[in-house]
Amino acid sequence: MKTEKKHYNSSVKKDCLEMIEKARWKDGVFCPYCKSQEVVKNGWDDSDGVKVQKYMCKHCEKTFNVKTKTIFENSKIPLQKWFTMISLLGTNSILFLSEFLNIAYSNAYRMAKKIRSVISVEEGKRILHGDIELEIDEMYISSGQKGEKNLDRPPRKRGLRANRGRGTFEKDKPAIVTFVDRNTKETMFFVLEHLSGDYVIDKMGRHTDKESKITTYTDEYKMYSKLESAGYQHKVVNHSFEYANGNIHINNCENRHSLLRPFLVIKRGVSKYNLQSYANLFQFFFNQDLRKPKVNH
Ligand SMILES: [Zn+2]
């Protein structure tokens, strides 16, 4: 039985290594230190119970393997647990994952943090292309320094300024600005320390293709009037009188907000300092799903 289990474990490890290889080196092996593709095979690493191909870079003369400079490098946690963690992190708490994977909470916490940080880097590079019909809206999330559980309050009433439920980062209720491209359904969240029209325009500049034709849709909140002065086409929903006027609406943003709130509740209270990386995590899983065909049962 023991040998069978050992054999099974090493074959799972091999599968995991192959998956990393396919994802990382789809365009060929390159050196993680200097990015050179001038590399040669250089023996094997088998410290982990599985043989891992080692390489040497002809350019910088460093040696590496497929895990070098990834979140998996030097980790005592088996790769299959990392993979399970990545796939379940979107919808489960760290406490649950530590029990499910039978690892210490501190390890699960560190793994989740590393995963969120690489996902944040990737999502931070997201650029919208083509004709962009960009809905923009903001929401506020109660999240203190240690996190707070009171995330499931009813949505704010529209149209009444006094009830906009605006908060600030300092008051532990940071604003999240949401972008949804109606054409691709791609979604982005930005946790802003200081909410302003300029900040929104700055984010648009960073995350949209310079060649794109962009039409923006927002509600009547004053800061969005800056979009026009910045040269963007701007269509405004007036929530005081109507919910949506033809194609002038921000329903996609409202939808993302209604999904992000419960997502954060599952995370059992998120500190405002980690809020961006959690929002990125949601964004990552959401945008990944857009690529998959919907299954009809
Ligand atoms: Zn190199």
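The values are calculated or read from the model by the stated rules, or taken from the named source; none is laboratory data. Everything numeric here is computed off the predicted structure, so don't read it as measured data. Cβ: placed from backbone, ideal geometry, glycine included. Neighbour counts: every protein chain shown. The area values use the complete protein model at the heavy-atom level, side chains included, leaving out ligands, DNA and RNA. Shrake-Rupley method; radii C 1.70, N 1.55, O 1.52, S 1.80 Å.
Observations on the model:
- Hits in the stretch 16-26 - residues which are in a loop (DSSP other than H, G, I, E, B) and free of Cβ contacts under 8 Å to residues at least 24 places away in the same chain: 26
- One residue stands out among those in the stretch 60-82 that are in contact (Cβ under 8 Å) with a residue 60 or more places away in the chain and either open to solvent by 60 Å² or more (accessible area, probe 1.4 Å) or within 23 Å of the chain's Cα centre (by Cα) (or both): the one that is farthest from the ligand (Cβ to nearest atom), which is 80.
Residue-by-condition table, conditions (1) open to solvent by less than 10 Å² (accessible area, probe 1.4 Å); (2) in contact (Cβ under 8 Å) with a residue 12 or more places away in the chain; (3) within 13 Å of the chain's Cα centre (by Cα):
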| position | (1), (2), (3) |
| --- | --- |
| 92 | no, yes, no |
| 97 | yes, yes, no |
| 105 | no, no, no |
| 111 | yes, yes, no |
| 125 | no, no, yes |
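- None of 200, 270, 236 is closer than 21 Å to residue 89 by Cβ and either open to solvent by less than 10 Å² (accessible area, probe 1.4 Å) or of a type outside the set (S, T, N, Q) (or both) except 270.
- Taking the criterion of being closer than 18 Å to residue 18 by Cβ and aliphatic (A, V, I, L, M), the only residue of the stretch 40-50 that qualifies is 50.
- Within the stretch 223-233, being open to solvent by 20 Å² or more (accessible area, probe 1.4 Å) and in contact (Cβ under 8 Å) with a residue 12 or more places away in the chain holds for 223, 225, 226, 230, 232, 233.
- Residue match in the stretch 3-22 (condition: open to solvent by 30 Å² or more (accessible area, probe 1.4 Å), modelled with pLDDT of 90 or more and within 16 Å of the ligand (Cβ to nearest atom)): no
- Selection within the stretch 183-198 - out of contact with any Phe, Trp or Tyr (no Cβ under 8 Å at 6 or more places or on another chain) and either farther than 24 Å from residue 288 by Cα or among the basic types (Lys, Arg) (or both): 185, 195, 196, 198
- Screening the stretch 32-59 for residues that are among the β-branched types (Val, Ile, Thr) and either out of contact with any Asp or Glu (no Cβ under 7 Å at 6 or more places or on another chain) or not assigned by TED's automatic domain parsing to the domain that holds residue 12 (or both) and picking the one that is least open to solvent (accessible area, probe 1.4 Å) gives 50.
- Taken over the stretch 27-52, the criterion of being more than 16 Å from the ligand (Cβ to nearest atom) and in a strand (DSSP E or B) is satisfied by 43, 44, 45, 52.
- Selection of the stretch 131-165 for residues being modelled with pLDDT of 75 or more and surrounded by 14 or more Cβ atoms within 10 Å (Cβ to Cβ) yields 132, 133, 134, 135, 136, 137, 138, 139, 140, 141, 142, 143.
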